[in-house]
Each structure stands twice: as structure tokens, then as C-alpha cells.
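Engineer: The structure follows.
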Amino acid sequence: MRRLVGLALPLLAVGCSLPLTRPAPGGPIPVACCSVSGAPVEITYLGIGGWVIRRGDVVLLTAPLFSDPSLLRTGLDEVAPDTARIDGMLDTLGVDLGDVSAILSGHGHYDHLVDVPFVITRHAPGARFLLNRTSAHQIAAWGLEDRLVVVDDSAGDARTAGRWIQVGDGLRVMPLHSAHAPQFAGNLLFHGRGDRDMARRSRTAAEWLDGESFAYLVDFLEGGRVVFRLYYQDAVAEAPAGFVADSLLWPEGPDRRRVDVAILVPSTYAEVRSRAARTYGGATVSGHRAS
Ligand SMILES: [Zn+2]
């Protein structure tokens with residue numbers, strides 16, 4: 001396997017006019033500017049499916065992977081968070097997750113979840129973790145139940161709006177029924193659902209089942225008005241999986257808005273230009289590991 005993109009803001013589609021910045025040693029660098037008033041949006045890539053999206057004091061994290069176990073290890077050996085590597089990479093990147101208010105996970109495969117319980121415990125003490133029901137069962141042994149928000153019953157789809165999950169005054173999140181494309185020779189590996197809490201921490205990649213896949217619509221709010229809208233899909237799938245109901249997008253108003261930035265996490269380059277991206281972007285940013 002190789003990385004699709006490196007540890008930097010990797011790909012922005014042309015045509016975007018947003019107050020985006022990207023991180024640099026001397027401070028954030030404006031990427032483009034602007035139809036959104038107020039604070040700029042800073043997007044930092046952490047690798048695989050991990051991104052930090054910061055606007056003012058509102059901070060969102062998508063489930064990151066730092067441990068990055070080898071393909072051999074995922075097939076034959078134990079998979080566990082490499083805590084020294086997690087601490088070291090965050091330090092190297094200069095990323096502080098202390099003010100993250102929400103972490104998003106769309107499905108439960110090891111390359112999205114294996115590091116997250118440690119990240120929440122050590123680095124993001126105020127974050128709520130939005131995840132599917134299978135994943136909540138999967139990480140039960142970490143004792144984080146007060147931090148978890150199971151999203152399955154709030155999800156919308158291409159025809160129907162779901163329920164907004166409010167995270168503080170400045171952020172709301174709507175899960176969207178999605179799917180996970182086959183990731184290996186036409187097969188979907190580690191597929192299944194869990195219906196009871198695991199008594200111990202998962203040890204192998206095969207124990208990290210995907211559960212139902214969700215995409216997310218995320219609104220950054222100011223005075224109750226949507227000022228920036230993000231779309232996040234950590235397993236790119238064929239339409240209409242992960243689509244947003246038209247009634248949420250237009251006509252534009254205080255509560256409706258087109259997507260400003262879509263973050264997609266595909267398994268292959270071919271998936272980057274998914275229909276979801278073409279429909280909703282704004283800007284499209286992609287990451288993951290590619291085969
Ligand atoms: Zn997956």
C-alpha cells in the first residue's frame with residue numbers, strides 16, 4: 001500500500017472561493033478567499049481519514065490513524081495503537097487537539113478507529129465521539145460511554161433529512177446513510193455488525209467490523225446561522241449512498257447552504273471524482289491509503 005497523499009493539505013479542486021488556510025511553520029497560509037465572512041477555516045491533514053477543521057474556537061476532528069500498521073500485520077498479527085507514534089506525530093505536526101469538540105467516524109474499520117480511543121483519552125478530553133452502533137460496541141472496553149454519540153437513528157438519506165446532532169453552540173452534525181465500496185479485489189473485508197459490547201479491546205484487524213457506514217453533513221454556526229458547511233465521507237461509495245436531501249441544500253437561507261468543502265476518503269484514485277463530490281463540492285479534499 002502507499003499513501004494517496006502526504007501529511008499536508010493535499011488536493012483542492014479549482015473553483016473554490018473560501019477563506020481556507022493551510023498550516024505552515026510560519027502560520028496559516030490563505031489558500032483562497034472569499035464568500036464566507038468572519039473567521040477563516042483552517043484544515044489540517046493528519047493522514048488517512050484524519051483531518052482537523054478549525055473555524056475560530058470551533059474545532060472538529062475526523063477519525064485519524066497514526067499507527068499505520070503494515071499490510072502483513074493487519075493480516076496476521078495484532079493491531080494496536082502505537083501510542084508513542086501518535087504522541088510523536090501530533091507533536092511533529094504541531095497539532096493540539098485539546099479544544100476539539102467532536103470527532104466523526106463513518107465506519108469501524110481498524111484504519112479509522114484503532115487509534116481513536118487513545119486520542120480521545122489522551123489528547124481530546126472535551127470531545128464527543130460520533131460513531132455507528134457497531135463501533136460503540138467495539139470500543140466499549142475503553143470506558144468512554146459518556147463521550148459516545150451513536151448516530152444510527154439520526155441519519156438522513158438522499159430523499160429525507162435526518163436529525164441534527166448539536167455539539168455546543170457552534171457546531172451541528174447530521175449523519176447520512178452511506179455505504180462502503182469493496183476495498184480489496186472486489187471484496188469488502190471486515191464487513192459486519194456487532195450487537196453487544198466487547199469485553200476486551202480489539203486485537204486484530206478482522207475484529208474491527210465496519211458496521212453501517214455513514215457520511216456527515218457538518219455545519220459551523222454563528223448566531224444560529226450556517227456560515228460554513230462541510231461534507232465528510234470516510235468510505236466513498238456509489239450514489240445515492242451518502243447523498244444529502246435537496247431540502248437541506250437549497251434554496252439558500254440561514255438554515256440551508258450548499259456544501260463549501262467536501263472531504264472524501266476513497267480507497268482508490270478512481271473514487272475521488274465520485275458523484276457526491278461533483279454534486280456538493282465547493283472544494284474537494286481527499287485522503288486515505290490507496291491500493
Ligand atoms: Zn473501511
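The values are calculated or read from the model by the stated rules, or taken from the named source; none is laboratory data. This one's a predicted model, so the numbers in the text were calculated from it and none came from an experiment. FYI the Cβ positions are ideal-geometry reconstructions off the backbone, even for glycines, and counts take in every protein chain you see.
Engineer: Going by the conditions given, is Val173 touching a strand residue (DSSP E or B) at 6+ places or on another chain (Cβ under 6 Å), within 24 Å of Asp57 (Cα to Cα), touching a residue at least 40 places away in the same chain (Cβ under 8 Å) and crowded, with 23+ Cβ neighbours inside 10 Å? Don't jump to the end; show me each part of the working.
Structural biologist: Values: touching a strand residue (DSSP E or B) at 6+ places or on another chain (Cβ under 6 Å): yes; within 24 Å of Asp57 (Cα to Cα): yes; touching a residue at least 40 places away in the same chain (Cβ under 8 Å): yes; crowded, with 23+ Cβ neighbours inside 10 Å: yes.
Against the criterion (touching a strand residue (DSSP E or B) at 6+ places or on another chain (Cβ under 6 Å), within 24 Å of Asp57 (Cα to Cα), touching a residue at least 40 places away in the same chain (Cβ under 8 Å) and crowded, with 23+ Cβ neighbours inside 10 Å), Val173 qualifies.
Let's see how each residue does on (1) touching a Lys or Arg at 6+ places or on another chain (Cβ under 7 Å); (2) within 25 Å of Ile86 (Cα to Cα):
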{"residue": "Val114", "(1), (2)": "no, yes"}
{"residue": "Phe129", "(1), (2)": "yes, yes"}
{"residue": "Leu144", "(1), (2)": "no, yes"}
{"residue": "Asp152", "(1), (2)": "yes, no"}
{"residue": "Gly170", "(1), (2)": "no, no"}
{"residue": "Leu189", "(1), (2)": "no, no"}
{"residue": "Arg203", "(1), (2)": "no, yes"}
{"residue": "Glu222", "(1), (2)": "no, no"}
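Engineer: What do you reckon, is Thr121 within 16 Å of the ligand (Cβ to nearest atom), hydroxyl-bearing (Ser, Thr, Tyr) and closer than 26 Å to Arg201 by Cβ? Break it down stepwise before answering.
Structural biologist: Details: within 16 Å of the ligand (Cβ to nearest atom): no; hydroxyl-bearing (Ser, Thr, Tyr): yes; closer than 26 Å to Arg201 by Cβ: yes.
Criteria not met by Thr121.
Engineer: Would you mind stating whether Asp146 is part of a helix (DSSP H, G or I) and in contact with a Leu (Cβ under 6 Å, 6 or more places away or on another chain)? Break it down stepwise before answering.
Structural biologist: Numbers: part of a helix (DSSP H, G or I): yes; in contact with a Leu (Cβ under 6 Å, 6 or more places away or on another chain): no.
Judged against the criteria, Asp146 is not a match.
Engineer: Here is a further query. Name the residue that is nearest to the ligand (Cβ to nearest atom), counting only residues in the stretch 242-285 that are at pLDDT below 80 and under 15 Å from Asp219 (Cβ atoms). Walk me through it before giving the result.
Structural biologist: Step one: list which residues in the stretch 242-285 are at pLDDT below 80, which gives 266-285.
This time we only want the ones that are under 15 Å from Asp219 (Cβ atoms), so: 280, 282.
Numbers: Tyr280: 21, Gly282: 24 Å.
Among those that are at pLDDT below 80 and under 15 Å from Asp219 (Cβ atoms), it is Tyr280.
Engineer: For the stretch 172-189, what are the residues that are within 20 Å of the chain's Cα centre (by Cα), within 15 Å of the ligand (Cβ to nearest atom) and either within 30 Å of Arg54 (Cβ to Cβ) or polar (S, T, N, Q) (or both)?
Structural biologist: Residues satisfying the conditions are Ser178, Ala179, His180, Ala181, Gln183.
Engineer: If you don't mind, another one. Which of (1) touching a Ser or Thr at 6+ places or on another chain (Cβ under 7 Å); (2) more than 13 Å from the ligand (Cβ to nearest atom) is the odd one out, the single condition Gly224 does not satisfy?
Structural biologist: The one condition Gly224 does not meet is (1).
Engineer: So which residues in the stretch 141-191 are at negative phi, at pLDDT below 90 and among the hydrophobic types (A, V, I, L, M, F, W, C), if there are any at all?
Structural biologist: Of everything in the stretch 141-191, those that are at negative phi, at pLDDT below 90 and among the hydrophobic types (A, V, I, L, M, F, W, C) turn out to be Ala181, Phe184, Leu188, Leu189.
Engineer: Here's something else I'd like to know. So which residues in the stretch 190-207 are assigned to a loop (DSSP other than H, G, I, E, B), crowded, with 16+ Cβ neighbours inside 10 Å and within 12 Å of the ligand (Cβ to nearest atom), if there are any at all? Break it down into steps so the answer makes sense when it comes.
Structural biologist: Taking the stretch 190-207 and keeping what is assigned to a loop (DSSP other than H, G, I, E, B), we get 190-204.
With the extra rule that they be crowded, with 16+ Cβ neighbours inside 10 Å, the set shrinks to 190, 194, 202, 204.
Within the stretch 190-207, just Phe190 meets the criteria.
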